[in-house]
Amino acid sequence: METPQVATSIPCSQCGGELHPEAGQVFLTCPYCASTVYLDKSQVVFHWYVAPTLDEKQARSALARWMAGNQTVKDLDRKSQISAVTFAYFPMWLFRHQKPNGEDERLLLPAAATSISELKRLLLPPGDLRKPTAEIDQIALPPTVPLDTALDWLKQRQIAPEQVIEKALVHVPIYTFKYIFNNRTYTAVVEGASGGVFANLYPAKAEAPFLLIGSVTALIYLCLATFPAMGALQSGASGLGIGLIICSAAGLVIAPFLFAIAAWIAAKI
């Protein structure tokens with residue numbers, strides 16, 4: 001089935017006049033015949049867009065902050081080189097459905113092919129949705145994922161089509177950055193309204209050193225924990241007490257060294 005026509009207006013059911021509801025409206029009053037119209041959003045697919053609040057310079061700053069964060073390799077913000085940046089309005093299917101506990105949940109799914117599947121983690125406050133203009137439509141990427149396909153994705157999440165109470169196509173402003181690190185090209189997306197950064201593949205911190213220091217720490221304290229048991233076996237209650245004292249004192253002495261090693265690894269990686 002083809003993707004349904006999306007719109008920002010609907011005809012009045014009484015006189016046929018064109019009505020322009022705002023995002024979130026349920027009841028509308030027709031300006032031509034004064035009829036009150038109920039908007040069944042489960043049967044209408046609206047088209048909205050999110051206005052950007054970041055320019056390219058601010059988007060670059062948001063990317064630099066993400067690169068300097070804890071997830072990426074040390075000094076990624078300084079050692080990487082941005083090779084290209086593009087701006088576009090990316091299409092997303094927005095669904096609102098009712099959960100079993102009665103609460104409403106909003107889900108975003110990509111409406112076009114993208115290598116950044118993390119975009120589905122976007123959160124869009126209802127007040128940010130606006131009616132698109134001709135200027136917006138000119139730089140908005142067309143949807144290539146049919147609505148039926150997106151609804152099938154919802155079924156995989158145990159959400160039936162009849163549970164969906166609102167459907168919309170939302171164009172989100174995104175800056176797509178290509179950057180090079182160690183002769184390899186990566187892609188990161190900065191959402192132009194919130195400054196959120198999304199990336200599937202990026203130079204991440206190596207996990208092996210952290211796993212090693214964690215394993216060593218666990219082994220050391222496991223060995224220390226045997227002192228009370230050994231003392232209890234040899235001398236009863238008095239041996240248990242001495243073992244606890246030795247275990248506690250040794251743990252306090254060793255802890256700063258282990259912490260210092262972990263901090264050194266974090267600073268180097």
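Residue by residue, the stretch 188-204 carries 3J(HN,Hα) couplings of 9, 10, 10, 6, x, 9, 9, x, x, 10, 10, 7, 7, 10, 7, x, 8 Hz when phi is fed to the Karplus relation 6.51 cos²θ - 1.76 cosθ + 1.60 (θ = phi - 60°); x denotes Gly or Pro. Placing +1 on the Cβ of each Lys and Arg and -1 on the Cβ of each Asp and Glu in the stretch 77-186, which of Leu108, Ser80, Leu151 has its Cα farthest towards the positive end of the resulting dipole? Farthest towards the positive end: Ser80. Percent of C-alpha pairs per 5 Å bin in the stretch 45-198, short distances first: 2, 8, 17, 20, 17, 14, 10, 8, 3, 1, 0. Note on the stretch 123-200: the C-alpha convex hull projects to 7.5 nm² when averaged across all orientations.
Only the Cβ atoms of Lys and Arg (+1) and of Asp and Glu (-1) were treated as charged; on that basis the dipole of the stretch 45-198 about its Cα centre amounts to roughly 540 debye. Short-range pairs are left out: with C-alpha atoms under 8 Å and at least six residues apart, the relative contact order of the stretch 45-198 is 40 percent.
Rule-based calculations on the coordinates, nothing more; no lab input. All of these numbers come straight from a predicted model, not from anything done at the bench. Please note: Cβ atoms are built from the backbone with ideal geometry, for glycine as well, and neighbour counts cover all protein chains shown.
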